[in-house]
């Protein structure tokens, strides 16, 4: 399976280095890189959960996975807010690749789908359905 985040990044457009706020851009680049790493962790956690055989999916296992994904999502969302606050300083920041790649929307979509899957599995265990 191709790395979705890497595919998104290949279409991003960096800001030219001669911009007067290049130090701020470097911080933004660093935050964006951390976002991409977090996105990969989230996708990896979701993928691993889906690959887990159903007989291993106990209530405790589901609760642990849910907590893990929830913590990763919270970190991702907070960093996104931090990036967007920086992005509102100057129109040049809005040209940064992070704003062009729609990574937040993709991760939110995957997170929501995983949340639904985990809830369904938990509900099935509680009601005794396979």
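Quick check on this structure: which one of 96, 19 is buried (at least 18 other Cβ atoms within 10 Å of the Cβ) and at pLDDT below 95? Show your work before the answer.
Values: 19 fails: buried (at least 18 other Cβ atoms within 10 Å of the Cβ).
So the residue among 96, 19 that is buried (at least 18 other Cβ atoms within 10 Å of the Cβ) and at pLDDT below 95 is 96.
Take the stretch 52-76 and flag every residue that is closer than 29 Å to residue 30 by Cα and touching a residue at least 12 places away in the same chain (Cβ under 8 Å).
Taking the stretch 52-76 first, the residues closer than 29 Å to residue 30 by Cα are 65-76.
Within the stretch 52-76, 65, 66, 68, 69, 72, 73, 75, 76 meet the criteria.
The values are calculated or read from the model by the stated rules, or taken from the named source; none is laboratory data. Please read these numbers as outputs of a predicted model, since none were measured by experiment. For neighbour counting, all protein chains shown are included, and Cβ atoms are generated from backbone atoms with ideal geometry for every residue, glycine included.
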